[in-house]
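Notes follow once the structure below has been shown.
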Amino acid sequence: QVQLVESGGGLVQAGGSLRLSCAASGSIVSIEVMGWYRQTPGKQRDLVASITRSGTTTYADSVKDRFTISRDNAKNTVYLQMNNLMPEDTAVYYCATKVPFATAWGYWGQGTQVTVSS
């Protein structure tokens, strides 16, 4: 079993920054991809950013050039640096992991709330 614990959420004003962290622990063999999703009530959970073990990244268009995803493989931790935050970024942010060759995300964190005030 793998446990994911997110941290770093909070309340910030528009234009501010936050850095989210997600640490994986437990029975970890290999994590190929780590990613961040976000969800608001009544909305689907959307992928914000992802990063492979080798460092290849993807971003949603809505956060590109504002957010940066990174990971520390030795610590099994993924980060999301969020700059120039906007009210529309308000959501619960979840981290997730995918093992090699998996077609679906295998583990999810409990989520951390990010609230951006106008």
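Solvent exposure of K98, expressed as accessible area, is near 50 Å², computed with a probe of 1.4 Å over the protein chains only. A simple rule links phi to the HN-Hα coupling: the Karplus curve 6.51 cos²θ - 1.76 cosθ + 1.60 with θ = phi - 60°, which for segment 100-107 gives x, 6, 6, 9, 9, 6, x, 9 Hz, with x for Gly and Pro. In a DSSP loop and with at most 16 other Cβ atoms within 10 Å, the chymotrypsin sites (Phe, Trp or Tyr not before Pro) in segment 63-110 are F101. For segment 40-105, the Kirkwood estimate of hydrodynamic radius, built from reciprocal distances between every pair of different alpha carbons, is 13.2 Å. Evaluate the relative contact order of segment 79-118 (contact order divided by residue number), counting alpha-carbon pairs under 8 angstrom at least 6 apart; express in whole percent. Relative contact order of segment 79-118: 47 percent. Distant-in-sequence amide contacts of R71, defined by a placed amide H-H separation under 5 Å and a gap of 5 or more residues or a different chain, comprise Y79.
Each Lys and Arg Cβ is given +1 and each Asp and Glu Cβ -1; about its Cα centre, segment 12-118 then shows a dipole of about 180 debye. Three semi-axes describe the equivalent ellipsoid of the chain; taken as square roots of 5 times the Cα gyration tensor eigenvalues and ordered largest first, they are 24, 14, 13 Å.
Entry note, the chain: relative contact order of 36 percent, from Cα contacts under 8 Å with a spacing of 6+ residues. Backbone geometry of segment 92-99 corresponds, through the Karplus equation with coefficients 6.51, -1.76 and 1.60 at θ = phi - 60°, to 3J(HN,Hα) couplings of 8, 9, 10, 9, 8, 10, 9, 7 Hz, x marking Gly and Pro.
Beta bridges assigned by DSSP with both partners in the chain are antiparallel in approximately 90 percent of cases. Summed over the residues of the chain and divided among them, the accessible surface reaches 53 Å² per residue at a probe radius of 1.4 Å. How much of the accessible area of the chain, in percent, comes from carbon and sulfur atoms when a 1.4 Å probe is used? The computed percentage sits at 49.
The values are calculated or read from the model by the stated rules, or taken from the named source; none is laboratory data. Being a predicted model, the structure only gives us computed values, none of them experimental. So basically every Cβ, Gly included, is an ideal-geometry build from the backbone, and we count neighbours across all protein chains shown. We work out accessible area using only protein heavy atoms, side chains counted, and drop any ligands, DNA or RNA first. Shrake-Rupley method; radii C 1.70, N 1.55, O 1.52, S 1.80 Å.
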